[in-house]
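Can you keep this structure in mind? I'll have questions shortly.
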Amino acid sequence: MKLRKSDFTGTGKVFRFTLSQMVKGKANIITMLIFFLFAAASIPVMTVMMGGKQTASADEAASLGITAVYVQNETGYELDLGSIPQRNDIFIDTAFIDTDLMDVDWSEDTYESMVKPTEAYIHLRKDTEKMSFTIGAYALEKKEFPDGDLDSCVGMLSGLLDEARYAQQNAKPEQIAALTSPYETKVESVSEYLEEKTDDFDTRFGVQMIYSVALLIVCTFVSSYIIQKVIEEKASKLAELLMVSVSPLAMLVGKILAVMTYILGLVGSLAAVMGLSYVITGQFADTTVLQQQIAASGISSETLQISPVTALILVVSLLLGYLQVSIISGLVGTGCSTTEDVEPANMTIVLLVMAGYMIATLTVGGGSNPVLAAVVSLCPVTSMFCAPVRYIIGDIGFGMLALSWAIQLAVILALAYVCARIYRALMMYRGNRMKLSGWITMFRQNRAKEVESR
């Protein structure tokens with residue numbers, strides 16, 4: 001039996017009808033509102049649990065708590081204190097006062113009587129014997145600003161001193177910028193230095209978890225909804241009425257596409273609600289703790305090598321796995337007769353999906369084993385979880401990924417072929433929940449009937 005264009009006639013009608021029914025269903029509306037509430041509350045709850053504190057107002061966040069810094073410069077270099085507020089906005093409300101311009105006898109012994117709790121005194125000196133510079137920062141014991149504010153002032157003055165020293169040696173502005181630019185140190189092994197590939201377990205596990213959880217969520221949702229929808233229509237005799245004008249395959253495809261669209265819309269809406277919740281929460285609390293938690297797992301845009309091609313690969317892989325699980329859910333649902341069969345039928349799909357999810361999660365810690373990567377990337381149960389992630393982290397090439405897609409597509413077409421043969425008989429089936437052996441028997445019987453009719 002070959003698939004013909006006529007087998008899909010009426011798919012659009014079934015799609016629109018099923019999608020309209022799901023959007024208007026009271027139970028679905030209530031469920032959706034509950035999901036939205038949980039999504040909206042998730043960001044502030046996680047922020048509080050991870051230690052995010054209430055943020056300061058815009059004015060407080062823009063400046064330090066130090067109102068004045070008295071600078072005693074004995075280095076022999078002229079410091080441009082007036083340029084400090086233009087260099088960094090956090091000093092906009094902090095006055096840097098040169099003590100040489102004040103008619104006051106400054107010394108480390110008398111500064112305590114000269115400064116207030118919101119002020120500080122910084123002494124820069126040159127040690128001619130040791131050929132070095134020292135910077136002493138002083139504040140009252142009962143100061144009204146954090147130690148970090150004083151550290152920021154010391155860092156700024158240290159930078160000004162470096163610039164003044166280089167400028168006295170006739171260094172050009174671009175040379176001074178290069179000499180005073182920040183730098184970082186890195187300690188690594190010889191193999192890492194020679195750019196040999198190393199495994200970062202945290203990164204591999206984090207990337208696998210994010211993608212796998214996303215696929216697990218949509219597959220779990222769609223299997224439950226499809227099975228429930230199919231059984232409800234069988235119980236209400238609606239399927240028999242639709243089959244008068246629509247082919248069995250068109251009815252199944254339209255129904256599956258409608259539920260898939262609904263679930264994708266639901267997940268997308270939940271993501272949008274969480275994004276809006278993140279923005280709103282950021283107005284009242286420090287949400288950077290969430291970013292820090294993600295960064296701590298080794299996941300970043302550099303690690304994932306985010307690009308349009310990478311995004312396309314993830315979308316294609318997710319949709320193929322999503323469609324594969326959806327068709328299986330539709331077939332399993334047609335083998336049931338009553339609403340009591342919804343839970344055990346859905347559990348069958350959930351166990352199948354969970355098997356792929358668990359294998360993907362457990363094997364990602366095995367490192368870059370080429371044989372293991374090939375097996376989990378080509379097996380239909382695990383490939384939808386493993387293949388795109390293994391490609392992103394470099395365990396397999398694009399050829400292996402394309403082969404994985406081809407196998408998944410072949411499985412999807414094979415399931416559609418089975419649907420075309422036995423879906424009508426399954427929709428009329430009434431009895432105990434059909435098992436795999438019953439499917440095989442029905443498939444053989446229908447095939448034998450077709451051979452006899454030729």
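For the range 149-163, how many residues meet the condition of being more than 21 Å from A120 (Cβ to Cβ) and among the aliphatic types (A, V, I, L, M)? Talk me through it step by step, then tell me what you get.
Quick first cut of the range 149-163, residues more than 21 Å from A120 (Cβ to Cβ) only: 163.
Pick out the ones that are also among the aliphatic types (A, V, I, L, M) and you get none.
Of the residues in that region, 0 qualify.
Condition first: of a type in the set (S, T, N, Q), under 23 Å from V69 (Cβ atoms) and within 45 Å of the chain's Cα centre (by Cα). Now tell me which residues in the range 125-180 satisfy that. Show your work before the answer.
To start, the set of residues in the range 125-180 that are of a type in the set (S, T, N, Q) comprises 128, 132, 134, 152, 158, 168-170, 175, 180.
Still in the list and also under 23 Å from V69 (Cβ atoms): 132, 134, 152, 158, 180.
S152, S158, T180, listed by residue number.
Ok, one more. I'm told I306 meets every condition in (1) crowded, with 20+ Cβ neighbours inside 10 Å; (2) modelled with pLDDT under 85 except one. Can you identify the failing condition by its number?
(1)
If you don't mind, another one. Any residue in the range 256-285 that is in contact (Cβ under 8 Å) with a residue 24 or more places away in the chain sitting within a Cβ distance under 9 Å of a residue that is surrounded by 19 or more Cβ atoms within 10 Å (Cβ to Cβ) and outside any helix (DSSP H, G or I)? List the pairs, counting only those 6 or more apart or interchain.
Y278/T287; T281/G52; T281/T287; A285/G52
While we're here: When you check A272 against the structure, is it modelled with pLDDT of 70 or more and exposed (fewer than 13 other Cβ atoms within 10 Å of the Cβ), yes or no?
Considered against the rule, which asks whether it is modelled with pLDDT of 70 or more and exposed (fewer than 13 other Cβ atoms within 10 Å of the Cβ), A272 comes out as yes.
Residue-by-condition table, conditions (1) aliphatic (A, V, I, L, M); (2) at positive phi; (3) without any contact (Cβ under 8 Å) to a residue 24 or more places away in the chain:
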residue: S337; (1), (2), (3): no, no, no
residue: L351; (1), (2), (3): yes, no, yes
residue: A355; (1), (2), (3): yes, no, no
residue: I359; (1), (2), (3): yes, no, no
residue: V364; (1), (2), (3): yes, no, no
residue: P370; (1), (2), (3): no, no, no
residue: P388; (1), (2), (3): no, no, no
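The values are calculated or read from the model by the stated rules, or taken from the named source; none is laboratory data. What you see is a predicted model; the values in this text were computed from it and never measured. Cβ sites come from the backbone with ideal geometry, for glycine too, and all protein chains shown count toward neighbours.
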